[in-house]
Amino acid sequence: MDEHTKLFLLLGEDPSRPLMERVVRFCRKHTEHLMIYDSRDFAMPGIDPAIRPIVAPYILQAALKRISARLSVLLAKPLGERRYMWKTEY
């Protein structure tokens, strides 16, 4: 990884969060192209705080789905197009 590496990081609210916070600190030292999606940034009205850790992955997935669709258009690369999946042995 170098300062030109582009990264998306997802931060949930489950027990793995402290580990991901370490990842964020590391990445901030090594790249300027960092996009962080933190479930704590989403209001989630009506969701009991006790179940936010369970719901957060679905919220983040919805956000990523929109990003991937937008990038697909911007980069002119259809989402269904696979570079390696089902085309080569692993």
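Here are the numbers for the structure shown:
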| quantity | calculated |
| --- | --- |
| Degrees separating the helix 52-75 axis from the principal Cα axis of the chain, which is the longest one | 30 |
| The chain shape via C-alpha gyration tensor axes, a/c threshold 1.5 | oblate |
| Residue among VAL73, VAL55, VAL24 with the largest mean-square fluctuation in a Gaussian network model of the chain, springs linking Cα atoms under 10 Å | VAL73 |
| Options PHE8, VAL73, LEU19, ranked by Cα towards positive dipole end of the chain, top entry (Cβ charges) | VAL73 |
| The chain, accessible surface, carbon-and-sulfur percent (1.4 angstrom probe) | 60 |
| On Cα atoms only, tilt of 17-30 relative to the major axis of the chain in degrees | 50 |
| Test item: Cα-centred dipole of the chain, Lys/Arg +1 and Asp/Glu -1 on Cβ, debye | 260 |
| Segment ARG83-ILE36, length gained on full extension (0.36 nm per residue, minus Cα span) | 14.4 nm |
| Average accessible area per residue (Å²) across the chain - probe 1.4 Å, nucleic acids and ligands excluded | 83 |
| Reach of LYS65 by Cα under 20 Å, taken over lysines that are not fewer than 8 positions away in the same chain | LYS6, LYS77 |
| Whether the range 6-49 is rounded, prolate or oblate, judged on the alpha carbon gyration tensor where a/c under 1.5 counts as rounded | oblate |
| Virtual spin-label span in nm between ARG22 and SER68, 7 Å along Cα→Cβ | 2.8 |
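The values are calculated or read from the model by the stated rules, or taken from the named source; none is laboratory data. None of the values given here were measured: they were computed from a predicted structure. Because the Cβ atoms are built from the backbone with ideal geometry, glycine has one as well, and the counts that use them run over all protein chains shown. The area values use the complete protein model at the heavy-atom level, side chains included, leaving out ligands, DNA and RNA. Shrake-Rupley method; radii C 1.70, N 1.55, O 1.52, S 1.80 Å.
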